[in-house]
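Colleague: Just passing along the structure, written as structure tokens.
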Amino acid sequence: MKTYLLPSLKISIILLVLLSGLYPLVIAGIGKFTPGHGEGETVEYKGRVVGYANIGQKFTKDQYFWSRPSAANYQADAGAGSNKGPSNPDYLKDVSARIDTFLKHNPDVKREEIPAELVTASGSGLDPDLSPAGANVQIPRIAKIRNISAAQVAKLINDNTEQPLFGLFGPPRVNVLKLNVALDELKK
Amino acid sequence: MNTEYVGIIFIYLATVALAIPLGKYIAKVFKGEKTWLDFMAPLERLIFKFSGIDPNKEMNWKQHLKALLTVNFIWLVYTFFCLLFQGKLPLNPDHNPSQTPDLAFNTALSFVTNTNLQDYSGESLATYYTQLFVLMFLHFVSAATGIAAMMVVFKAMKDKITDKLGNFWDYLVKSITRLLLPLSFVVAVILAFNGTPTSYKGKDTVIGLQGDTVHVSRGPAAAMIAIKQTGTNGGGWFGTNSAHPFENPNYVTNIVENISILLISIALVFALGYYLNKKKLAWVIFGVMTVGFLLMVFPSVTAEVGGNPAIAHMGISQPGGSMEGKEVRFGPAASAYWGITTTVTSNGSVNAMHDSMMPISGMAQMFDMMINSFYGGVGVGYLNFYIFIIIAVFISGLMVGRTPEFMGRKIEAREMKIASLIALLHPFIILVGTSLATYVLVHFPNVGWATKPSAWLNNPTYHGFTEMLYQFASSAANNGSGYAGLTANNIFWNVSTGLVIFVGRFFPIIGPVAIAGILANKKFIPESAGTLKTDTATFGIMIFAVIFIVAALSFFPALTLGPIAEHFSIK
């Protein structure tokens with residue numbers, strides 16, 4: 001056993017220095033040159049940081065585009081999914097209640113127009129995005145409450161839509177925080 | 001929707017296109033031939049010199065196992081105590097507490113074994129010290145352990161009658177310096193430029209646009225996430241793993257991370273071909289694994305894209321498929337594809353919550369882990385497959401009345417006993433574990449534990465049963481993904497899955513290494529007309545049949561009680 005014990009200890013120590021000490025330090029050094037300087041990219045409104053671009057936040061007021069339901073209530077230090085199974089009756093009641101709430105706040109929207117993402121919770125509880133459909137369905141409410149034209153809101157969504165990668169891979173998406181900041185900027 | 005399909009097809013093709021040259025490169029590294037990463041040689045010499053190791057000293061299979069088990073034991077003890085006292089150790093800007101003994105026991109076993117079942121969330125129950133100096137360290141060395149064990153088997157298959165199977169430390173270090181570290185470096189840089197944090201700063205507090213105060217967890221995550229994928233570890237920085245928008249910020253990172261999940265596992269199959277100069281055998285193995293893989297991908301992607309019938313029933317539209325537990329930036333296709341890739345390998349990272357996926361997906365994911373050798377974990381995936389090869393050779397030999405031989409060696413009673421035990425061990429620990437949990441749940445739902453069994457499950461009936469079955473399948477397969485609704489951070493689950501993880505890791509390493517070592521000592525029989533050919537499609541079908549029959553017969557009853565029953569009950 002002794003033949004192996006000492007080399008095991010020593011090799012662990014030097015690998016710790018290399019892998020756990022040096023490697024992440026080098027990555028942190030490189031990270032300084034990235035858009036968010038390695039600390040996460042932030043979004044500003046009127047010179048104030050209002051959040052992180054990648055971290056979704058809660059939007060429940062009618063004058064903002066709602067973000068998706070979150071099992072973690074958008075607490076960015078305790079993200080979580082609901083982990084409810086597709087057949088769970090309590091879960092299905094929740095979804096049904098969310099549909100009712102949505103219809104109440106969006107009387108101009110027909111039930112079959114509601115995309116499922118607006119009534120189901122994301123995996124991280126911090127989903128920063130909506131699909132274009134998820135944003136578009138909210139146009140009538142936003143336009144009415146902000147007293148702007150539906151076309152104006154639609155254009156805003158269009159401007160803030162990130163198309164699939166190279167137009168080929170993955171779904172299109174709209175960053176809700178950036179969209180809402182753009183909406184507030186429209187006002188002034 | 002089309003761009004989502006194109007996305008996952010691209011991910012798979014890119015993975016294979018990268019894996020072939022990488023396999024060739026890996027074979028060169030371990031044959032000691034020249035490669036462009038030879039500038040790492042001085043670093044390796046420094047490591048060996050410091051450790052007092054002669055990397056050229058040949059070991060036999062028993063010496064290999066002794067070295068492997070000794071060093072793993074040291075890591076286990078080190079990890080356990082670091083986690084137990086992490087609250088008092090440095091690099092803890094968020095002032096997170098220490099782990100309880102049972103959680104530390106589970107986490108230590110889980111990370112030493114490349115499993116990375118996480119009964120904790122990184123944001124609240126780990127520190128920057130334990131994330132980097134314990135968990136990420138284990139990401140590297142546990143993956144390297146798997147590759148080193150596999151290299152012993154490769155070497156034993158290569159040489160005629162030999163005791164000299166290379167040096168364990170040499171394999172271990174080169175797996176890191178020539179493969180895992182350079183690949184992780186590339187992936188980490190890509191992640192950093194796409195928004196994954198790299199700095200050592202603690203939580204930030206911001207007031208959002210709507211006026212809510214939020215605390216945002218951060219940390220030097222990019223480095224860890226890179227090796228978590230390339231080493232088929234899966235243990236993430238954040239609790240929700242690669243569903244977290246810092247851990248996997250966009251579709252680019254999703255492509256890169258998802259390629260990394262499969263890359264080395266597939267490359268090692270091709271490495272076998274180049275290393276032994278048996279390319280045809282490598283393609284047969286790759287073919288069998290790929291058929292098995294695709295058989296799981298199709299139903300899962302179809303189920304997720306199709307959406308939840310119970311929600312369709314409510315009259316709303318599901319253009320994005322089943323979205324519970326999924327992120328908009330990935331969509332259902334890429335989430336389902338990831339779910340299969342992460343369970344066929346022993347990775348276990350997730351970009352969507354498996355607990356909320358459709359029952360067909362859950363069944364496919366569990367089936368992957370029950371078979372545990374369609375690609376499989378780095379190194380160990382091939383070791384599992386090797387067991388099935390041995391069994392297939394033996395059965396085929398009996399069927400056609402020839403002496404079972406593999407690579408010029410007779411397979412006899414002793415090897416078959418080891419192979420059968422290892423093949424049966426896997427269903428045994430999964431099913432016994434699940435039965436035990438179910439028994440406790442049914443008969444002692446309100447026993448006075450800190451977490452009562454009646455509070456374990458997040459979902460009722462069939463789905464609840466699946467949560468338990470999944471947890472044990474994931475532990476035994478050293479996968480680490482979970483039906484995260486299960487309340488697993490308590491003594492029963494921490495201890496029971498901890499033990500299953502331990503058994504599920506070390507015996508399937510010891511068995512194949514022992515078989516290979518024993519075979520390498522046997523008389524070499526040159527191939528003749530009477531030899532059963534192992535590099536043919538026929539033999540491929542034979543292996544597939546053996547795998548399928550063993551897995552299906554063992555697990556079908558349990559799957560019936562869980563996902564199959566749930567599938568037929570959703571209206």
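The values are calculated or read from the model by the stated rules, or taken from the named source; none is laboratory data. For clarity, every value in this text was computed on a predicted model and none was experimentally measured. Neighbour counts are summed over all protein chains in view; Cβ atoms, including those assigned to glycine, are modelled from backbone coordinates with ideal geometry.
Colleague: Would you confirm whether any residue within segment B:265-287 is touching a residue at least 12 places away in the same chain (Cβ under 8 Å) and within 12 Å of chain A (Cβ to nearest Cβ)?
Modeller: no
Colleague: Exactly one condition in (1) surrounded by 14 or more Cβ atoms within 10 Å (Cβ to Cβ); (2) not assigned by TED's automatic domain parsing to the domain that holds A:Asn136 is not met by A:Tyr74; state its number.
Modeller: Unmet for A:Tyr74, out of (1) surrounded by 14 or more Cβ atoms within 10 Å (Cβ to Cβ); (2) not assigned by TED's automatic domain parsing to the domain that holds A:Asn136: (2).
Colleague: Sticking with this one: Take the residues in segment A:141-181 that are farther than 23 Å from A:Lys104 by Cα and touching a Leu at 6+ places or on another chain (Cβ under 6 Å); name whichever of them is surrounded by the most Cβ atoms within 10 Å (Cβ to Cβ).
Modeller: Checking each candidate, the answer is A:Val174.
Colleague: In segment A:1-60, what residues are surrounded by 14 or more Cβ atoms within 10 Å (Cβ to Cβ), assigned to a strand (DSSP E or B) and not polar (S, T, N, Q)?
Modeller: Result: A:Val43, A:Tyr45, A:Val50, A:Gly51, A:Tyr52.
Colleague: Filter segment A:46-79 down to residues that are under 27 Å from A:Lys104 (Cα atoms), of a type outside the set (Phe, Trp, Tyr) and free of Cβ contacts under 8 Å to residues at least 60 places away in the same chain, then give me how many there are.
Modeller: Looking only at that region, the number is 9.
Colleague: Okay, next question. Taking B:Leu91 as the residue in question, decide whether it is under 19 Å from the mean Cα position of the chain (by Cα), surrounded by fewer than 19 Cβ atoms within 10 Å (Cβ to Cβ) and within 12 Å of chain A (Cβ to nearest Cβ). Can you show your working first?
Modeller: Working: under 19 Å from the mean Cα position of the chain (by Cα): no; surrounded by fewer than 19 Cβ atoms within 10 Å (Cβ to Cβ): yes; within 12 Å of chain A (Cβ to nearest Cβ): yes.
In short, no.
Colleague: Identify all residues within segment B:310-321 that are outside any helix (DSSP H, G or I) and more than 7 Å from chain A (Cβ to nearest Cβ); write none if there are none. Explain how you work it out, then say what you get.
Modeller: Filtering segment B:310-321 down to residues outside any helix (DSSP H, G or I) leaves B:313-321.
The answer is B:His313, B:Gly321.
Colleague: Mind listing just one residue for me: the one in segment B:514-531 that is assigned to a loop (DSSP other than H, G, I, E, B) and of a type in the set (Gly, Ala, Ser) and, of those, farthest from B:Leu69 (Cα to Cα)? I'd like the intermediate steps shown before the answer.
Modeller: Within segment B:514-531, the subset assigned to a loop (DSSP other than H, G, I, E, B) is B:521-531.
Retained after the next criterion (residues that are of a type in the set (Gly, Ala, Ser)): B:528-530.
Values: B:Ser528: 39, B:Ala529: 42, B:Gly530: 40 Å.
Among residues in segment B:514-531 that are assigned to a loop (DSSP other than H, G, I, E, B) and of a type in the set (Gly, Ala, Ser), the one farthest from B:Leu69 (Cα to Cα) is B:Ala529.
Colleague: When you look at B:Ile340, is it more than 14 Å from chain A (Cβ to nearest Cβ), in contact with an Asp or Glu (Cβ under 7 Å, 6 or more places away or on another chain) and free of Cβ contacts under 8 Å to residues at least 60 places away in the same chain, yes or no? Let's see the steps before the verdict.
Modeller: Values: more than 14 Å from chain A (Cβ to nearest Cβ): yes; in contact with an Asp or Glu (Cβ under 7 Å, 6 or more places away or on another chain): yes; free of Cβ contacts under 8 Å to residues at least 60 places away in the same chain: yes.
So B:Ile340 passes the test.
Colleague: Does A:Gly38 satisfy the criteria of being under 24 Å from the mean Cα position of the chain (by Cα), touching a residue at least 40 places away in the same chain (Cβ under 8 Å) and closer than 30 Å to A:Glu185 by Cα?
Modeller: no
Colleague: Could you check, for segment A:71-79, whether at least one of its residues is more than 7 Å from chain B (Cβ to nearest Cβ), within 22 Å of B:Asn308 (Cα to Cα) and either in contact with a helix residue (DSSP H, G or I) (Cβ under 8 Å, 6 or more places away or on another chain) or in a helix (DSSP H, G or I) (or both)?
Modeller: No; the residues of segment A:71-79 include none that is more than 7 Å from chain B (Cβ to nearest Cβ), within 22 Å of B:Asn308 (Cα to Cα) and either in contact with a helix residue (DSSP H, G or I) (Cβ under 8 Å, 6 or more places away or on another chain) or in a helix (DSSP H, G or I) (or both).
Colleague: Also, I was wondering about something else. Of the residues B:Tyr470, B:Tyr483, which single one is buried (at least 24 other Cβ atoms within 10 Å of the Cβ) and either in a helix (DSSP H, G or I) or modelled with pLDDT of 95 or more (or both)?
Modeller: Working: B:Tyr483 fails: either in a helix (DSSP H, G or I) or modelled with pLDDT of 95 or more (or both).
Result of the check over B:Tyr470, B:Tyr483: B:Tyr470.
Colleague: Can you name the residue in segment B:110-142 that is of a type in the set (Gly, Ala, Ser) and within 11 Å of chain A (Cβ to nearest Cβ) and, of all such residues, is surrounded by the most Cβ atoms within 10 Å (Cβ to Cβ)?
Modeller: Residues of segment B:110-142 of a type in the set (Gly, Ala, Ser): B:110, B:121-122, B:124, B:126, B:142.
Narrowing further to those that are within 11 Å of chain A (Cβ to nearest Cβ): B:121-122, B:124.
On the way: B:Ser121: 21, B:Gly122: 26, B:Ser124: 13.
Once the filter is applied, the top-ranked residue is B:Gly122.
Colleague: Further question on the same structure: Confirm whether A:Ser82 is among the polar types (S, T, N, Q) and in contact with a Pro (Cβ under 7 Å, 6 or more places away or on another chain).
Modeller: Values: among the polar types (S, T, N, Q): yes; in contact with a Pro (Cβ under 7 Å, 6 or more places away or on another chain): no.
Considered against the rule, which asks whether it is among the polar types (S, T, N, Q) and in contact with a Pro (Cβ under 7 Å, 6 or more places away or on another chain), A:Ser82 comes out as no.
Colleague: If B:Glu247 satisfies every condition in (1) away from chain A (no Cβ under 14 Å); (2) within 25 Å of B:His139 (Cβ to Cβ) but one, which is the exception?
Modeller: (1)
Colleague: Taking only segment B:223-244 into account, find how many residues are over 14 Å from B:Met353 (Cβ atoms) and at the interface with chain A (Cβ under 9 Å from one of its Cβ atoms). Steps first, answer last, please.
Modeller: Going residue by residue through segment B:223-244, those that are over 14 Å from B:Met353 (Cβ atoms) are B:223-235, B:237.
With at the interface with chain A (Cβ under 9 Å from one of its Cβ atoms) added as a condition, the list becomes B:223-224, B:226-227.
Result for segment B:223-244: 4.
Colleague: Scan segment B:441-463 and give yes if some residue there is surrounded by 14 or more Cβ atoms within 10 Å (Cβ to Cβ) and within 27 Å of B:Tyr375 (Cβ to Cβ), otherwise no.
Modeller: no
Colleague: Now a separate question. Restricting attention to segment A:16-46, and to residues there that are of a type in the set (Gly, Ala, Ser) and facing another protein chain (nearest Cβ under 7 Å), which single residue is nearest to B:Tyr129 (Cα to Cα)?
Modeller: Just the residues of segment A:16-46 that are of a type in the set (Gly, Ala, Ser), to begin with: A:20-21, A:28-29, A:31, A:36, A:38, A:40.
When the remaining residues are screened for being facing another protein chain (nearest Cβ under 7 Å), the result is A:20, A:28, A:31, A:36, A:38, A:40.
Values: A:Ser20: 9, A:Ala28: 15, A:Gly31: 19, A:Gly36: 23, A:Gly38: 18, A:Gly40: 20 Å.
Only one residue tops the list, namely A:Ser20.
Colleague: Is it the case that some residue within segment B:470-487 is aliphatic (A, V, I, L, M), under 20 Å from B:Ser346 (Cβ atoms) and within 14 Å of chain A (Cβ to nearest Cβ)?
Modeller: Initially, segment B:470-487 is screened for residues aliphatic (A, V, I, L, M), giving B:473, B:476-477, B:484, B:486.
Pick out the ones that are also under 20 Å from B:Ser346 (Cβ atoms) and you get B:473, B:476-477, B:484, B:486.
Next cut, within 14 Å of chain A (Cβ to nearest Cβ) only: B:484, B:486.
Within segment B:470-487, one or more residues are aliphatic (A, V, I, L, M), under 20 Å from B:Ser346 (Cβ atoms) and within 14 Å of chain A (Cβ to nearest Cβ).
Colleague: With the requirement that a residue be facing another protein chain (nearest Cβ under 8 Å) and either at pLDDT below 95 or assigned to a loop (DSSP other than H, G, I, E, B) (or both), what does segment A:173-188 give you?
Modeller: Let us first name the residues in segment A:173-188 that are facing another protein chain (nearest Cβ under 8 Å), namely A:173, A:177, A:180-181, A:184.
Once the filter is applied, which keeps residues that are facing another protein chain (nearest Cβ under 8 Å) and either at pLDDT below 95 or assigned to a loop (DSSP other than H, G, I, E, B) (or both), segment A:173-188 yields only A:Asp184.
Colleague: Hey, another quick one. Checking B:Ala364 against (1) surrounded by fewer than 23 Cβ atoms within 10 Å (Cβ to Cβ); (2) touching a Pro at 6+ places or on another chain (Cβ under 9 Å); (3) closer than 25 Å to B:Phe465 by Cβ, which test does it fail?
Modeller: (1)
Colleague: Condition check: at pLDDT below 95 and aliphatic (A, V, I, L, M). Does B:Leu191 satisfy that? Lay out the reasoning, then the answer.
Modeller: Working: at pLDDT below 95: no; aliphatic (A, V, I, L, M): yes.
So B:Leu191 does not fit the description; no.
Colleague: Would you please name the residue that is nearest to B:Ile264 (Cα to Cα), looking only at residues in segment B:343-374 that are within 8 Å of chain A (Cβ to nearest Cβ) and assigned to a helix (DSSP H, G or I)?
Modeller: Just the residues of segment B:343-374 that are within 8 Å of chain A (Cβ to nearest Cβ), to begin with: B:350-353, B:355-359.
Those left that are additionally assigned to a helix (DSSP H, G or I): B:355-356, B:359.
Details: B:Asp355: 27, B:Ser356: 29, B:Pro359: 29 Å.
Checked segment B:343-374; the qualifying residue nearest to B:Ile264 (Cα to Cα) is B:Asp355.
Each row is one residue, and each column tells you yes or no for (1) touching a Lys or Arg at 6+ places or on another chain (Cβ under 9 Å); (2) of a type in the set (S, T, N, Q); (3) without any contact (Cβ under 8 Å) to a residue 40 or more places away in the chain; (4) loosely packed, with under 14 Cβ neighbours inside 10 Å.
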| position | (1), (2), (3), (4) |
| --- | --- |
| B:Gly379 | no, no, no, no |
| B:Gly408 | yes, no, no, no |
| B:Ser420 | no, yes, yes, no |
| B:Ala423 | no, no, no, no |
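Colleague: Need the failing condition index for B:Ile390 against (1) of a type in the set (A, V, I, L, M); (2) within 25 Å of B:Phe270 (Cβ to Cβ); (3) within 16 Å of the chain's Cα centre (by Cα), just the number.
Modeller: (3)
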